[in-house]
Structures are given as structure tokens and as C-alpha cells.
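A quick write-up on the structure given underneath.
Just so it is clear, none of the values below were taken in a lab; they were calculated from the coordinates. Being a predicted model, the structure only gives us computed values, none of them experimental. Don't worry about glycine lacking a Cβ; one is built from the backbone with ideal geometry, like all the others, and counts go over all protein chains shown.
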Amino acid sequence: MKLATLKDGSRDGQLVVVSRDLASAHYATGIASRLQQVLDDWGFMSPQLQDLSDSLNTGRARHAFPFDPTQCMAPLPRAYQWADGSAYLNHVELVRKARNAEVPESFYTDPLMYQGGSDDFIGPCDRIVVASEAFGIDFEAEIAVVTGDVKMGASPAQALDGIRLVMLANDVSLRNLIPAELAKGFGFFQSKPATAFSPVAVTPDELGEAWQGGRVHLTLQSTWNGRKVGMCDAGEEMTFHFGQLIAHIAKTRNVRAGSIVGSGTVSNKGVEKNGRTEWPKGYSCIAEKRCIETIQDGQPATEFMTYGDTIRIEMKGKDGQSIFGAIDQEVSAPGSTGQP
């Protein structure tokens, strides 16, 4: 089934069930008004939502209405936890290679992860508001999962069983603030503003055969200012699957229902062509493009985002239909009005 949260003037919005083709929706009010309620009582509420989803998809739902992603909040507008990994080691390798640094061996066995702000997510079509273009505004196209309760000490296989929903994320980064923060030795903070998520979160079964081994084996598309810059394979090159990422969190603590875990920037390896490495599948963040340019040409040429820039992040199934709906945002200064 597919779930979304519509804006209703409150902090947590109104839960709706969305049709498989993203054309229509139905309020879930008779079952639950908020997604967190469902996550807290998944065994009881999810079968009821599944019944509503079945009715919606077969045209039997009596009070369906057109689904409008511009009216969506993040599926879970605020969460108990937002932990973002770096599961695509190619991304890390590129960043390190661009500055002539080795990747520590531990990175291949122990996932990188940071804990971001989870109190104020933004919707898929909300503006990316940044105080200054000088901060180095960047998008990051990712996949994320929402968990149920996962016990401390859970194995990766057990952690996989705790995944309830899958969605897309734009983990916005302010690149020019990162070096000074990391130099303090305490991780990201101001350099990671509010994260946006896709209009719809889906249960893993909606992905069919594309959901294998805790990975989504489909193409993640990134379109910057109307130009497609990334067509990255999200499956094969994901070094750590979502079960491993969740188990990493659970090593020393319980993971509670409503936790969101991100994959990190989806990234694919380059290919050798005429003695030169090229990246035909593109990139899922500008920082990676700048690393590629540095490796190829000795210095970066691509600038970060400026006010008025747009970013669209989307994933389509084998049938060509959008699975999660699109993250479609515009970068703007504080005080600006309007939607992308």
C-alpha cells in the first residue's frame, strides 16, 4: 500500500491512502489520523489500511478524491529519529580520491552514519529555504526506510523485518559549512538543514521484485534545473543494505517505531573509456560531480545551487510509472513566496 500525509494546518497532517497509480487518495480517518499512530500499532492498523488500499485500487472506495502531491507534507512530518548512512561506498571513495586520501579499511565493514534533525521535515514540493547562497547549497538524492520497533542487538536479518515503509529523500547539504564542522570532530549540524521526503511512502511489497536483500533495485533519477543529471542504479552498488544500517543503530540501543534511516547519496562507479574514467549514470549530488571533475581535470567546474534552482528526484518502476511521486523543489531565500 501507499501512504501520504496531507497538509491540514497541524504539525502532523492528515493520513491518506494513495492509489497505486498516484491518481487518487482516501482519508484514513476511520482507522488512523496520523502515520505515527499506525507505526505504533502496525499489526492492528496496517491490515485495515491494506483493505482500504485494495478498495481504492479496484475503484470500490466511495469517498476517493484526486491526489495532489503539492499538498503533501513529508509522509512522517516529524520523527523520533532520522539517521542517515553512507551506504554507497563509491561516494566515499570519490570524495577521498578527489583530495588524495585513502579510504580506511573499517569503512568497508562498519557503516558511516550521522543523526540529523527530525523535528522539522519539509514536504516534497516545499521550498528549500537557505539564508545564503554562500553556504554551498546541494541536493542529495537518497532512499530511506521507516521502521517499526527493532530491539537492541538485532541482527541485520532481524532488522530487515522491522522495515515498514520505503520512500525517497532529498538530504539537503550546505557544503561550504561542512569542513569547519567536521574539523571540530563532532559531526554535521548546521550544514544539514531540513530534509525533504517523497509525497508517498510505500510498503516494501509494492516494489515487487525490485525489493531484494534490503535494497531497491531501480533507477533513481535526479533532474536539476530541468536537466537530468543522474540515472543512478540504487541496488547493486549499495555496500550496506538497510538491514545492516538499522542493525548498526541497534548495536547499543533500541530502535523505536517511527525511526527513519537513510541510504546516503546513491552513487555508481565510473567506467574506463579510452584511458579516461567516465560516469555515464551521472550523479545524485553536486559534491560528487565536483569530485569527478577534480579527478578528471584537476579542479571542480560545477557550482552549487543558487536561488531559483530546481531539483526533481523520482524513481519509476519497470512499467515506467512513478512509485513514490516526485520530490520537486525550488531553492529560495528566506521570506520568498510561492511553490516550485
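Below, the figures for the structure above:
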{"item": "Electrostatic dipole magnitude of the range 225-326 [Cβ: Lys, Arg +1; Asp, Glu -1; Cα centre; debye, to 20]", "result": "340"}
{"item": "Stretchable slack from Asp40 to Asn100, in nm (0.36 nm times residue separation minus alpha-carbon distance)", "result": "16.9 nm"}
{"item": "Net lengthening on full extension, Gln81/Asp21 (0.36 nm per residue, minus Cα-Cα)", "result": "18.6 nm"}
{"item": "Karplus (6.51, -1.76, 1.60) ³J(HN,Hα), θ = phi - 60°, over the range 180-185, in Hz, Gly and Pro reported as x", "result": "5, 5, 5, 5, 6, x"}
{"item": "Electrostatic dipole magnitude of the range 259-308 [Cβ: Lys, Arg +1; Asp, Glu -1; Cα centre; debye, to 20]", "result": "140"}
{"item": "Rg in Å to one decimal, and Dmax rounded to a whole Å, for the chain via C-alpha atoms", "result": "19.5, 62"}
{"item": "Environment charge of Pro47, counting only residues whose C-beta is closer than 14 Å and scoring Lys/Arg +1, Asp/Glu -1", "result": "-3"}
{"item": "Dipole axis of the range 86-195 (+1 Lys, Arg; -1 Asp, Glu on Cβ), positive-most option in Leu160, Phe107, Cys125", "result": "Phe107"}
{"item": "Cα pair count fraction exceeding 28 Å, expressed as % - the range 1-140", "result": "39"}
{"item": "Equivalent-ellipsoid semi-axes of the range 287-340, from the Cα gyration tensor, Å, largest first", "result": "27, 22, 6"}
{"item": "Spacing of the two label points (7 Å from each Cα toward its C-beta) at Ala301 and Asp120, in nm", "result": "3.8"}
{"item": "When each of Lys251/Lys318; Lys97/Lys184; Lys289/Lys318; Lys151/Lys318 is checked by Cα-Cα distance, pairs over 30 Å", "result": "Lys251/Lys318; Lys151/Lys318"}
{"item": "Packing-based ranking, highest mean first, of 91-103, 234-246 given that Cβ atoms within 10 Å are counted", "result": "234-246, 91-103"}
{"item": "Between 0 and 90°, nearest 10: helix 89-98 axis offset from the chain longest Cα axis", "result": "30"}
{"item": "Whole-Hz couplings from phi, Karplus 6.51/-1.76/1.60, listed for the range 234-247; x for Gly and Pro", "result": "8, x, 4, 9, 7, 4, 10, 7, 5, x, 5, 5, 5, 4"}
{"item": "Kirkwood Rh (inverse of mean 1/r, distinct Cα pairs), the range 195-340, angstrom", "result": "17.4"}
{"item": "Additional length obtainable on full extension of the chain from Ala157 to Thr29, 0.36 nm per residue less Cα span", "result": "42.7 nm"}
{"item": "Cα Rg, Dmax, the range 1-81, angstrom units", "result": "11.9, 37"}
{"item": "Unit Cα scatterers, Debye sum, the range 271-311: log10 I(q)/I(0) for q = 0.18, 0.19, 0.27 Å⁻¹", "result": "-0.57, -0.62, -1.00"}
{"item": "Around Leu218: net Lys/Arg minus Asp/Glu count, Cβ-Cβ under 14 Å", "result": "-4"}
{"item": "Normalised per residue, the volume of the convex hull around the Cα set of the range 137-178 (Å³)", "result": "96"}
{"item": "Dipole magnitude of the chain about its Cα centre (Cβ charges: Lys, Arg +1; Asp, Glu -1), debye to nearest 20", "result": "100"}
{"item": "For Cys232, distant residues with modelled amide H under 5 Å away", "result": "Leu220, Ser222"}
{"item": "The range 76-165: C-alpha gyration tensor shape, a/c 1.5 cut-off, then a/b vs b/c", "result": "oblate"}
{"item": "Under the Karplus curve 6.51 cos²θ - 1.76 cosθ + 1.60, θ = phi - 60°, whole-Hz ³J(HN,Hα) for the range 118-131, x wherever Gly or Pro sits", "result": "10, 8, 8, 5, 10, x, x, 10, 6, 5, 8, 8, 10, 5"}
